[in-house]
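Novice: Dumping the structure here so I can ask a few things about it.
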Amino acid sequence: MLLVFLSFTISSYAQRCATSPDQIGLPDGFEIELLYSVPRDDQGSWVAMCMDDKSRLIVSDQHGGIYRFPIPKLGEKVDPATIQQITYSTSGAKARKRITGTAPKAMTEELAKLPKIGHAQGLCYAFDSLYVVVNTRNSASGCGVFRLLDTDGDDNFDKLIELKKLGVLAGEHGPHAIIPAPDGKHLYVVIGNQTKVPSDYTHSRVPEFWGEDQLIPSLKYSANGSEAPLGHIAQIDPEGKTWEVVATGFRNQYDAAFNREGELFTYDADMEHDLNTPWYRPTRINHVIDGAEYGWRTGSGKFMDYCSDSFGAVVDIGPGSPTGVCFGYGTKFPAKYQNAFFACDWSYGKLYAVHLKPMGSTYSATFEVFASAQPLPLTDLLVNPADGAMYMTVGGRRVQSGLYRLTYTGNESTDPATSIPGGETARKQRRVLEGHLQADSRVASKPELDRIWDLLGSPDRGIRHAARVALEKQPVSDWKDRFSGEKDPVISTAAMIALARVNADQSASEIFAKATSIRYRKCESRQTRLDILRSVTLALTRAGQPSSADRAKLMSWLDEIYPFQTPEENRDLAAIAAFLEAPFVVERGIRLLTNSSVQEEQIGYALNLRFIKNGWTPELRRTYFKWFVLSGNYKGGARMSKFLADIKKHATESVPEADLTPELTRLIASQPKSSIPQFTFELRSFVKNWGMNDFSNDLDLKIKKHRDFANGRKMAGAGTCYVCHRFNGEGGAVGPDLSSAGGKFSAYDLLEAIVDPGKEISDQYGTTNFNFKDGTVVSGRIMNLGEDHYQLNNDMMNPGHSIFVKIKDIKSIEASPVSMMPPGLINTMSKDDVYDLLAYFISGGDPNHSAFHK
């Protein structure tokens, strides 16, 4: 098989240009150049990029070919004449000699007839070959991982090898990036949730106890929702003889990168249709450790970050469409950017710089918007150490594509930065545990098992996770006997989760006995309490309904602890109570529902009550269906109304025919009278149009004096804060995350941002004005892009709403001077309500926060 390179001529008619560099926002001292605006009809829309051993760029069109060209020198642009397309022929050297011996025009025509390797979303030059990950069912080569070789050293690939055929279930959530492993012996392949783990995989570091683990049937996006394991990262050898599953449970992570310490990171996708539901997970940076499960499930079944059988996120970013990532190593940037993890957001046109900080065996992080524009559909990144610049591509879905170069020309030092110290001992300890997950590992010896068991109680989440996964890889008979006598609640809960996952059908009674023996109300650790609930949930999910004796034991235990302190606990407790059909499940669930002012929390309780047939009084049932009227105006992702309709449908079907009175039938058919969302059962009235002059300058002292945090949470719902802002894992994500507001703002600053939201508008959360040729103006954000249109959200309070505009009708695009956040959101609150609201946000929801004890 022969592969050669085809030079092509740019079409003679005018092409649209990629976004102008002067429209791209950057930190001070940085410059960006547009090196090449891709002629779409000839070279398509570029989505992946790598550099070969001769420092040439290799790029791929999502729906077409692969191209190669030299990186232009600083100050120069790409010479179109140097761009060559990879094609191949099965006719060998004779075909090349025949074709290249013809006249130029005939040669071009012959080359154009050759089939092409393309439709690639992953490229990697390693082991003297080009690895290509094809993600389409329309390519002649099919979907999978391929290797191109130059066997005769003439700088033309002449051999194509299929390493792994992959089946894509649907869409763009298939196989993506391929990157070299830090050991210099392997590669890692990054694969989204619409590609199944190959049935012939050679080994899995993730314990193979796959499960959906839902006590109450989840709401699905479709009738045939995919099930675990999906969304994984695999390690392969250069010849593709092995396929080792490293981690699972991602949605659609497009790319990944290793830091200097050999730790892997990725940027995973959200499901935008889930916005403002309790199961919404924003796009997030994940630290990918061996054997981890990251908890993506279809519909309402996702594992949240507090579930200890998943590993959670380093930091949540917000809504977006993750694409390429890389570290800043090799750039001539200031030190903090050399060490940054850069992550591309395709839909919102943002390049994030994520600043990782070692935290034991794993990491914490902060992030900033490093580059942004509308539109700027970023697809991939790489660093060229030879010139210290970062190169990035825009494109995808046939939109206008381009190649850019980022350089630093400021005054800060660009000397090579050293790694950020910390975590060395903890990472080493975690990796020792991960040694038990490898393909060549053996059964742990008694001293090794003792160590695994002890480290189940580590305060370090990464070590604790690695210990549990290592335990699950051991024969259960080797460690089950340790379980009943364990006194440490942290070790006990980790072991309970492991035992539930690997042996629930034979060990459920022991798990229930252990869980109910721990003094739940005396347990100070929220995470330990959640782990107790998780172990019971897993045991019930995997073993089914308990024996009558176990049921009685669990009922008594639930009766003592439900409801408890936090929404997360109450959501899990409500699900357990519903599964067991506890006699108090309806009364307590409705009480929680009516007392909550948070949309996500309410939906969680309503979800868990929907199949309950017994325990209803007429008043409880009326209250439940009044909530469906109340929630009829709740806003969120595009599927919010369908989720609520499905919950109502199941709830209606659970009403016995004898209870369907005319009054209840009318209530079930009722619709909300107002289009304005109301998050409490009590109607709120106008109090005052509050201004800053209504509050004293000693605001920070005022909010520290015996504030009511429960009322503060209630006011956050009443003021619609959760519609746009995320706080402690709840709420929307179109505005800034307020979870760490206490570390960034004084009470005065926070109140000013609420009263006068337009006084200072963050570049990250501002809107854009789209000025049309007919003189009209639309303000909003680009949510999605197509070949000839933009999909805009023009209503911050309704993130699922969008309009489509044609690109050809737009005259100009510019930043809007008006905040997306409306004024007057606290005008139904008393002054004490406002103080409670501020105290709640400043404290991070924790009345024991240090800010209140100084």
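Novice: Enumerate the strands (runs of 3 or more DSSP E) found wholly within region 146-251, keeping only those where 2 or more residues are open to solvent by less than 20 Å² (accessible area, probe 1.4 Å) and at pLDDT 95 or above.
Specialist: 175-180, 187-196, 230-236, 243-247
Novice: State all residues of region 58-105 that are part of a helix (DSSP H, G or I) and modelled with pLDDT of 90 or more; if no residue qualifies, say none.
Specialist: PRO80, ALA81, THR82
Novice: Evaluate region 412-432: report whether one residue or more is touching a Phe, Trp or Tyr at 6+ places or on another chain (Cβ under 7 Å), modelled with pLDDT of 95 or more and surrounded by 20 or more Cβ atoms within 10 Å (Cβ to Cβ).
Specialist: no
Novice: Still on this model: So, restricting to strands (runs of 3 or more DSSP E) that lie completely within region 253-309, which ones have at least 2 residues that are modelled with pLDDT of 95 or more, open to solvent by less than 20 Å² (accessible area, probe 1.4 Å) and hydroxyl-bearing (Ser, Thr, Tyr)?
Specialist: 264-268
Novice: Need the failing condition index for ASN608 against (1) under 27 Å from the mean Cα position of the chain (by Cα); (2) not in a helix (DSSP H, G or I), just the number.
Specialist: Every listed condition holds for ASN608 apart from (2).
Novice: Let me ask something additional. For region 310-330, which positions are open to solvent by less than 10 Å² (accessible area, probe 1.4 Å), at pLDDT 95 or above and not in a strand (DSSP E or B)?
Specialist: SER310, GLY328
Novice: Report the residue count in region 595-609 for those that are open to solvent by 10 Å² or more (accessible area, probe 1.4 Å) and in contact (Cβ under 8 Å) with a residue 40 or more places away in the chain.
Specialist: Of the residues in region 595-609, 3 are open to solvent by 10 Å² or more (accessible area, probe 1.4 Å) and in contact (Cβ under 8 Å) with a residue 40 or more places away in the chain.
Novice: I've got another one for you. Looking at SER364, is it surrounded by fewer than 16 Cβ atoms within 10 Å (Cβ to Cβ) and either part of a loop (DSSP other than H, G, I, E, B) or not hydroxyl-bearing (Ser, Thr, Tyr) (or both)?
Specialist: So SER364 does not fit the description; no.
Novice: Quick test of your reading of the structure: THR665 fulfils all but one of (1) open to solvent by 60 Å² or more (accessible area, probe 1.4 Å); (2) part of a loop (DSSP other than H, G, I, E, B); (3) hydroxyl-bearing (Ser, Thr, Tyr). Name the failing condition by number.
Specialist: Failing condition for THR665: (2).
Novice: Name the single residue, out of those in region 468-481 being in a helix (DSSP H, G or I) and within 20 Å of GLU510 (Cβ to Cβ), that is most open to solvent (accessible area, probe 1.4 Å).
Specialist: In this case the residue turns out to be ASP481.
Residues checked against (1) in contact with a Pro (Cβ under 7 Å, 6 or more places away or on another chain); (2) closer than 25 Å to VAL206 by Cβ; (3) open to solvent by less than 10 Å² (accessible area, probe 1.4 Å); (4) at pLDDT 95 or above:
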| site | (1), (2), (3), (4) |
| --- | --- |
| SER509 | no, no, no, yes |
| ALA513 | no, no, no, yes |
| LYS522 | no, no, no, no |
| VAL536 | no, yes, yes, yes |
| ALA539 | no, yes, yes, yes |
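Novice: Quick one: LEU592 ticks every box in (1) without any contact (Cβ under 8 Å) to a residue 40 or more places away in the chain; (2) surrounded by 17 or more Cβ atoms within 10 Å (Cβ to Cβ); (3) not in a helix (DSSP H, G or I) except a single one, so which number is it?
Specialist: Going through the list (1) without any contact (Cβ under 8 Å) to a residue 40 or more places away in the chain; (2) surrounded by 17 or more Cβ atoms within 10 Å (Cβ to Cβ); (3) not in a helix (DSSP H, G or I), LEU592 breaks only (3).
Quick grid of which residues meet (1) open to solvent by less than 70 Å² (accessible area, probe 1.4 Å); (2) in contact with a helix residue (DSSP H, G or I) (Cβ under 6 Å, 6 or more places away or on another chain):
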{"residue": "PHE681", "(1), (2)": "no, yes"}
{"residue": "PHE695", "(1), (2)": "yes, no"}
{"residue": "LEU699", "(1), (2)": "yes, yes"}
{"residue": "LYS702", "(1), (2)": "no, yes"}
{"residue": "ASP708", "(1), (2)": "no, yes"}
{"residue": "HIS725", "(1), (2)": "yes, no"}
{"residue": "GLY732", "(1), (2)": "yes, yes"}
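Novice: Against the condition farther than 18 Å from SER361 by Cβ, free of Cβ contacts under 8 Å to residues at least 40 places away in the same chain and not in a helix (DSSP H, G or I), how does SER458 come out, does it pass?
Specialist: It is false that SER458 is farther than 18 Å from SER361 by Cβ, free of Cβ contacts under 8 Å to residues at least 40 places away in the same chain and not in a helix (DSSP H, G or I).
Novice: Looking at (1) of a type outside the set (D, E, K, R); (2) surrounded by 18 or more Cβ atoms within 10 Å (Cβ to Cβ); (3) on the phi > 0 side of the Ramachandran plot, find the lone condition where VAL383 falls short.
Specialist: (3)
Novice: Can you tell me which residue among SER517, SER445, SER484 is open to solvent by 40 Å² or more (accessible area, probe 1.4 Å) and in contact (Cβ under 8 Å) with a residue 12 or more places away in the chain? Steps first, answer last, please.
Specialist: Details: SER517 fails: in contact (Cβ under 8 Å) with a residue 12 or more places away in the chain; SER445 fails: in contact (Cβ under 8 Å) with a residue 12 or more places away in the chain.
From the options SER517, SER445, SER484, the qualifying one is SER484.
Novice: Could you please give the count of residues in region 607-647 that are of a type in the set (Lys, Arg) and under 18 Å from GLY800 (Cβ atoms)?
Specialist: Within region 607-647, the first condition is being of a type in the set (Lys, Arg), and the residues that meet it are 610, 613, 621-622, 626, 635, 639, 642.
If we keep only those that are under 18 Å from GLY800 (Cβ atoms) too, we end up with 635, 639, 642.
Counting residues in region 607-647 that are of a type in the set (Lys, Arg) and under 18 Å from GLY800 (Cβ atoms) gives 3.
Condition check ((1) of a type in the set (Phe, Trp, Tyr); (2) open to solvent by less than 30 Å² (accessible area, probe 1.4 Å); (3) part of a helix (DSSP H, G or I)) across all residues:
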{"site": "ASN614", "(1), (2), (3)": "no, no, no"}
{"site": "ARG621", "(1), (2), (3)": "no, yes, yes"}
{"site": "TRP627", "(1), (2), (3)": "yes, yes, yes"}
{"site": "SER631", "(1), (2), (3)": "no, yes, yes"}
{"site": "GLY637", "(1), (2), (3)": "no, yes, no"}
{"site": "VAL655", "(1), (2), (3)": "no, yes, no"}
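Novice: Then there's this: Identify, by number, the condition in (1) touching a residue at least 40 places away in the same chain (Cβ under 8 Å); (2) touching a Lys or Arg at 6+ places or on another chain (Cβ under 9 Å) that GLY636 doesn't meet.
Specialist: (2)
Novice: If you go through region 547-558 one residue at a time, do you hit one that is open to solvent by less than 20 Å² (accessible area, probe 1.4 Å), out of contact with any Leu (no Cβ under 7 Å at 6 or more places or on another chain) and among the charged types (D, E, K, R)?
Specialist: yes
Novice: So, one more: Pairs please, first residue from region 726-751 and without any contact (Cβ under 8 Å) to a residue 40 or more places away in the chain, second anywhere and surrounded by fewer than 17 Cβ atoms within 10 Å (Cβ to Cβ) and not hydrophobic (A, V, I, L, M, F, W, C), Cβ atoms under 8 Å, 6+ apart in sequence or on different chains.
Specialist: From residues that are without any contact (Cβ under 8 Å) to a residue 40 or more places away in the chain, the pairs are PRO736/SER762; PRO736/GLN764.
Novice: If you scan region 386-411, which residues turn out to be open to solvent by 10 Å² or more (accessible area, probe 1.4 Å) and of a type in the set (D, E, K, R)?
Specialist: We begin by selecting, within region 386-411, every residue open to solvent by 10 Å² or more (accessible area, probe 1.4 Å); these are 386-387, 397-398, 400, 407-411.
Across region 386-411, the qualifying residues are ASP387, ARG397, ARG398.
Novice: Exactly one condition in (1) more than 18 Å from LEU406 (Cα to Cα); (2) modelled with pLDDT of 95 or more is false for PRO27; which is it?
Specialist: If we test PRO27 against (1) more than 18 Å from LEU406 (Cα to Cα); (2) modelled with pLDDT of 95 or more, just (1) comes out false.
The values are calculated or read from the model by the stated rules, or taken from the named source; none is laboratory data. Quantities reported herein were computed from a predicted structural model and do not represent experimental measurements. Note: ideal-geometry Cβ built from the backbone for every residue, glycine included; neighbour counts use all protein chains shown. Heads up: the accessible areas ignore ligands, DNA and RNA and are worked out on the full protein's heavy atoms, side chains in. Shrake-Rupley method; radii C 1.70, N 1.55, O 1.52, S 1.80 Å.
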